[in-house]
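Following: one structure in structure tokens, then a few remarks.
The values are calculated or read from the model by the stated rules, or taken from the named source; none is laboratory data. These numbers come from a predicted model, not from an experiment. For neighbour counting, all protein chains shown are included, and Cβ atoms are generated from backbone atoms with ideal geometry for every residue, glycine included. Heavy atoms of the whole protein, side chains included, go into the accessibility calculation; ligands, DNA and RNA do not. Shrake-Rupley method; radii C 1.70, N 1.55, O 1.52, S 1.80 Å.
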Amino acid sequence: MKTIAILGTAASFHEIAAKHYYQESIKIIPCKTPKEVLQEVKQNPNCEGGILAIENTIAGSVTNHYNSLQDLDICIRGELLLNIQHHLVALPKTSIYDIWEIRTHPMAIKQCSNYLARIHPATRLLACSDTASAAKEISQQHLKGVAAIASSLASSYYGLEILASNIQNNKNNYTRFFILSKSKQGEQKEHNKATIIFRLDQKAERLSSVLLQLQALKINLSKLHSFPLGTISNTYEFIADLEFNNFSCFQKSLMQLEKVTLDYSVLGTYQKATTPLWSEIK
């Protein structure tokens with residue numbers, strides 16, 4: 001049985017993602033913050049990996065995680081897409097009209113903002129460390145009139161009832177998770193995606209050179225974020241996802257990056273996730 005660090009507690013979307021990826025019984029290490037997940041992966045000898053959400057189709061990317069991965073030298077060994085379905089859950093026999101407070105993770109509030117504005121415009125919203133923790137608090141403390149936005153798994157796991165189903169803004173609500181490892185893998189010919197960080201000066205000229213070289217090697221740039229480095233004039237940091245059909249082309253691209261960048265780091269190479277998985281599991 002593998003021991004995996006996740007953000008949140010039992011029945012969180014991170015645990016659902018972990019069960020999908022590992023396809024076996026796992027022991028979870030619940031963590032309250034992303035930093036704690038990364039520290040468990042790096043420092044705990046019994047921890048064999050970690051799961052961390054990195055972007056969502058509604059709420060966007062969590063870009064600060066990339067630098068944390070680089071600083072701790074943690075490797076991305078895979079990715080997973082999960083169709084996120086949010087439900088409003090509360091103690092049994094609770095009416096939706098009894099709800100005066102809703103608890104959940106801040107990302108879930110963003111993902112369900114239309115429903116909250118339409119149905120619960122005056123209801124107090126309380127941010128929690130994760131969706132499942134909100135459900136757990138309601139169950140353990142027997143909080144009447146308080147609801148959580150969480151998964152159906154959390155609802156059944158903590159003995160709650162679903163008051164409203166699929167309340168996310170977009171039914172195609174996908175979250176991308178990184179599968180993390182404490183050590184980098186060897187060369188994997190079957191890998192067709194990579195996540196890298198690099199730094200450039202003179203943004204316009206240097207970046208165009210990088211893009212042309214990637215194009216020449218038939219490498220697709222599926223993500224690009226840029227950030228100015230405030231302490232260094234005219235220097236920018238870039239986070240990029242590269243997709244390729246030939247691993248040797250990716251290796252050649254790194255040799256080209258070395259010529260035009262101030263420095264670069266490969267956070268991981270892995271198999272691209274193509275099919276979103278269902279978050280409704282038992």
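Over the alpha-carbon set of region 210-282, work out the extent along each principal axis and list the three values in angstrom, largest first.
52, 31, 17
What is the spin-label model distance, in nm, from Arg124 to Asn220 if the labels are put 7 Å beyond Cα along the C-beta direction?
Between Arg124 and Asn220, the simple spin-label model gives 4.8 nm.
Could you tell me which residue out of Ile138, Cys128, Leu217 lies farthest along the dipole of the chain toward its positive end? Charges go on the beta carbon: Lys and Arg +1, Asp and Glu -1, centred on the Cα centre.
Among Ile138, Cys128, Leu217, the one farthest towards the positive end of the dipole of the chain is Ile138.
Can you count the Lys pairs in region 152-282 whose Cα atoms are under 21 Å apart, with each pair 8 or more apart or on different chains?
Qualifying lysine pairs in region 152-282: 21.
Roughly what % of DSSP beta bridges within the chain run antiparallel, to the nearest 5?
Details: 47 of 65 bridges.
Percentage antiparallel, nearest 5: 70.
Please list 3J(HN,Hα) in residue order for region 82-89, calculated via the Karplus relation 6.51 cos²θ - 1.76 cosθ + 1.60 where θ = phi - 60°; whole Hz, with x for glycine and proline.
These are the phi-based 3J(HN,Hα) values: 10, 6, 8, 10, 9, 10, 8, 10 Hz.
Decide, for region 91-155, between rounded, prolate and oblate: order the square roots of the alpha carbon gyration tensor eigenvalues as a ≥ b ≥ c, take rounded if a/c falls under 1.5, and otherwise choose prolate if a/b is larger than b/c, else oblate.
On the way: a/c = 1.70, a/b = 1.13, b/c = 1.51.
It comes out oblate by the Cα gyration axes.
Determine the per residue accessible area of the chain with all protein chains present and a 1.4 angstrom probe, expressed in square angstrom.
Numbers: 13400 Å² over 282 residues.
The answer is 48 Å² per residue.
Do the sum for the chain: with -39,500 (n - 2.57) for every DSSP H run of n ≥ 4, divided by all residues, what is the mean residue ellipticity at 222 nm, to the nearest 500 deg cm²/dmol?
Working: 9 runs with 87 residues, N = 282.
Here the helix-only value at 222 nm equals -9000 deg cm²/dmol.
Which semi-axis lengths, in whole Å and largest first, follow from the square roots of five times the eigenvalues of the Cα gyration tensor of region 148-266? Don't skip to the end; give the middle numbers.
Working: eigenvalues 287, 75, 40 Å².
Computed over region 148-266, the values are 38, 19, 14 Å.
Considering the chain as a Gaussian network with a 10 Å cut-off on Cα pairs, which listed residue, Gly230, Gly50, Gly159, attains the greatest mean-square fluctuation?
Checking each option, the largest mean-square fluctuation is seen for Gly230.
Whole-Hz ³J(HN,Hα) for each residue in region 95-107, computed from phi via Karplus 6.51 cos²θ - 1.76 cosθ + 1.60 with θ = phi - 60°, x for glycine and proline: what do you get?
So the J values, rounded to whole Hz, are 8, 4, 7, 8, 6, 10, 9, 10, 10, 5, 6, x, 5.
Give a residue-ordered list of calculated ³J(HN,Hα) values for region 264-270 (Karplus: 6.51 cos²θ - 1.76 cosθ + 1.60, θ = phi - 60°; whole Hz; x for Gly, Pro).
8, 9, 8, 7, x, 10, 6
What label, among (1) 17.2, 53; (2) 20.7, 65; (3) 18.1, 49, belongs to Rg and Dmax of the Cα atoms in Å computed from the structure on display?
Checking each listed value against the structure points to (2).
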